[in-house]
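Q: Just passing along the structure, written as structure tokens.
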């Protein structure tokens, strides 16, 4: 029984450490020469232990924690946003990369959301008396979706900036 309680406490501490902890979201208008791209991830307990790397044009911009966002200021032109990993980077992330090419206009702002769903999820039962531990495994599928400003501002309320 003590082992089960210990495992639950350790799991809770591990998962709680994976949420975004930076400053809370505040909105500001883009400038005439720089455009803004907000990439965010709504809070979800499922998958919250994984924090993928975020790249803009091949350069790492941080990790995207559950309930967090990454703000990228860019010049106009075509930019590539990637959620996942590149090269030898190896975050705690196993799904395939999600890639979006975006034509950025001067002084514009873009709201992108990480959409994640799980396929082939099945339980793994670890029989420890008196209560078994039930874990799930499967493959997560991710994509980057564009969101309208009004909905994104609602989604971002309370979000914290990821590192």
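The values are calculated or read from the model by the stated rules, or taken from the named source; none is laboratory data. No experiment lies behind these values; they were computed from the predicted model shown. Quick reminder, even Gly has a Cβ in these numbers, built from the backbone with ideal geometry, and neighbours come from all protein chains shown.
Q: Sort out which residues of region 77-91 are at pLDDT 95 or above and surrounded by fewer than 18 Cβ atoms within 10 Å (Cβ to Cβ), and write them in order of number.
A: 77, 78, 80
Residue by residue, here is whether (1) part of a loop (DSSP other than H, G, I, E, B); (2) at positive phi; (3) surrounded by 11 or more Cβ atoms within 10 Å (Cβ to Cβ); (4) at pLDDT 75 or above holds:
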residue	(1), (2), (3), (4)
8	no, no, yes, no
11	no, no, yes, no
26	yes, no, no, yes
38	no, no, yes, yes
51	yes, no, yes, yes
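Q: Here is a further query. Do you know which residues across region 54-66 are crowded, with 18+ Cβ neighbours inside 10 Å and over 16 Å from residue 143 (Cβ atoms)?
A: Hits for region 54-66 are 56, 61, 62, 63, 65, 66.
Q: Let me ask you something else. Those residues that are on the phi > 0 side of the Ramachandran plot and in contact (Cβ under 8 Å) with a residue 60 or more places away in the chain, I need them from region 53-80; list them, please.
A: The answer is 62, 67.
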